[in-house]
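Colleague: Mind looking over this structure? Questions follow.
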């Protein structure tokens, strides 16, 4: 069964990529092409070039790529001088490591022949200068971690990592990309580059990808939990609902919202948003349907 799911960070939908998949494009090229397009979109404030920087006005981007056939993973984090999904794919393909961060990830990118590129839009830098820089000056030597909570709250969709899964009928692969928590503490990583937390795919069973508060998915190992439920014979609906119950049982620490998306190997999809302000939307297409559907995750 061929299918594609991508959350609605892809504002223009996924029909272009459906056509390319049906035209014979490899699923990894579909993933990289779609996410690269989103990373370059200045209007998307949670991913890539248009993404919100950290507290110091610096871009730190994360991405991941996973092949469900052999469960090979490539992930990069805290990348400043590259839009990251291309690096994650190359790491997955070349190995032997699964996760590279910061300068090491960038050195690997250059060794692969990728060129440095702009990663922070002028509009986002001006917003940082207007909204965050005065707070840094006002609080002086206060610990930066204390300023994270004091930063002016961005829109809820600024936490919306792009997650995507593609099946070509032979296997399933996934990818994600994000600029992370808006105005985060420097060096903060979310769940997007963490296999088993923000993403996981196994072509034998299916896929799960999470968005919004990555700390929740990391605490619960949500993506791997959902795919394990599929392995044990649960329906995709039950698998996601069980994961939501597991998340709801967390206590103490940060208790933020999380949207859990999943698709089983037969192309049955389910998405549920736990304590997420506003609707969580996504695009979904499966073989036999003329165009992608714009769906809204169930809210709980």
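The values are calculated or read from the model by the stated rules, or taken from the named source; none is laboratory data. Everything numeric here is computed off the predicted structure, so don't read it as measured data. Ideal geometry is used to build each Cβ from the backbone, glycine not excepted, and the neighbour counts take in all protein chains shown.
Colleague: Output the residues belonging to the stretch 112-137 that are closer than 17 Å to residue 81 by Cα and in a loop (DSSP other than H, G, I, E, B). Let's see the steps before the verdict.
Modeller: Quick first cut of the stretch 112-137, residues closer than 17 Å to residue 81 by Cα only: 112-122, 124-125.
Within the stretch 112-137, 112, 113, 114, 115, 116, 117, 118, 119, 120, 121 qualify.
Colleague: Hey, does the stretch 142-162 have a residue that's at pLDDT 95 or above and surrounded by 19 or more Cβ atoms within 10 Å (Cβ to Cβ)?
Modeller: Within the stretch 142-162, one or more residues are at pLDDT 95 or above and surrounded by 19 or more Cβ atoms within 10 Å (Cβ to Cβ).
Colleague: Picking from 241, 215, which residue would you name as being over 15 Å from the mean Cα position of the chain (by Cα), surrounded by fewer than 21 Cβ atoms within 10 Å (Cβ to Cβ) and not in a loop (DSSP other than H, G, I, E, B)?
Modeller: Numbers: 215 fails: over 15 Å from the mean Cα position of the chain (by Cα).
Of the residues listed, the single one that is over 15 Å from the mean Cα position of the chain (by Cα), surrounded by fewer than 21 Cβ atoms within 10 Å (Cβ to Cβ) and not in a loop (DSSP other than H, G, I, E, B) is 241.
Colleague: Does at least one position in the stretch 176-191 carry a residue that is part of a strand (DSSP E or B) and out of contact with any helix residue (DSSP H, G or I) (no Cβ under 6 Å at 6 or more places or on another chain)?
Modeller: Step one: filter the stretch 176-191 for residues part of a strand (DSSP E or B), giving 176-178.
Checking which are out of contact with any helix residue (DSSP H, G or I) (no Cβ under 6 Å at 6 or more places or on another chain) leaves us with 176, 178.
Yes: the stretch 176-191 contains one or more residues that are part of a strand (DSSP E or B) and out of contact with any helix residue (DSSP H, G or I) (no Cβ under 6 Å at 6 or more places or on another chain).
Colleague: For the stretch 185-201, enumerate the residues that are under 16 Å from residue 240 (Cα atoms) and touching a residue at least 60 places away in the same chain (Cβ under 8 Å).
Modeller: Answer for the stretch 185-201, where residues must be under 16 Å from residue 240 (Cα atoms) and touching a residue at least 60 places away in the same chain (Cβ under 8 Å): 198, 199, 200, 201.
Colleague: Let me ask something else. For residues that are touching a helix residue (DSSP H, G or I) at 6+ places or on another chain (Cβ under 7 Å) and free of Cβ contacts under 8 Å to residues at least 12 places away in the same chain, tally how many sit in the stretch 252-294.
Modeller: 0
Colleague: I need the strands (runs of 3 or more DSSP E) fully contained in the stretch 46-111, keeping only those with at least 1 residues that are closer than 18 Å to residue 160 by Cβ and either touching a strand residue (DSSP E or B) at 6+ places or on another chain (Cβ under 8 Å) or at pLDDT below 95 (or both).
Modeller: The qualifying strands (runs of 3 or more DSSP E) are 61-67, 72-79.
Colleague: Now for a different question. Restricting attention to the stretch 218-236, which residues are surrounded by fewer than 24 Cβ atoms within 10 Å (Cβ to Cβ) and closer than 19 Å to residue 257 by Cα?
Modeller: Within the stretch 218-236, 218, 219, 220, 221, 224, 225 qualify.
Colleague: If you go through the stretch 187-207 one residue at a time, do you hit one that is at pLDDT 95 or above, closer than 23 Å to residue 50 by Cβ and more than 12 Å from the chain's Cα centre (by Cα)?
Modeller: Yes; the residues of the stretch 187-207 include at least one that is at pLDDT 95 or above, closer than 23 Å to residue 50 by Cβ and more than 12 Å from the chain's Cα centre (by Cα).
Colleague: State yes or no: is residue 270 buried (at least 16 other Cβ atoms within 10 Å of the Cβ), under 18 Å from the mean Cα position of the chain (by Cα) and in a helix (DSSP H, G or I)?
Modeller: Here the answer is no, as residue 270 does not meet what is asked.
Colleague: Also, I was wondering about something else. State the number of residues belonging to the stretch 244-267 that are within 17 Å of the chain's Cα centre (by Cα) and closer than 30 Å to residue 171 by Cβ.
Modeller: 6
Colleague: Also: List every residue pair whose Cβ atoms lie under 9 Å apart, where the two residues are 6 or more positions apart in sequence or sit on different chains, the first residue falls within the stretch 212-238 and is more than 19 Å from residue 73 (Cβ to Cβ), and the second residue, located anywhere, is at pLDDT below 95 and part of a helix (DSSP H, G or I).
Modeller: 212/156; 212/159; 213/159
Colleague: On to the next question. Mind checking whether some residue in the stretch 26-45 is surrounded by fewer than 24 Cβ atoms within 10 Å (Cβ to Cβ), part of a loop (DSSP other than H, G, I, E, B) and free of Cβ contacts under 8 Å to residues at least 24 places away in the same chain?
Modeller: No.
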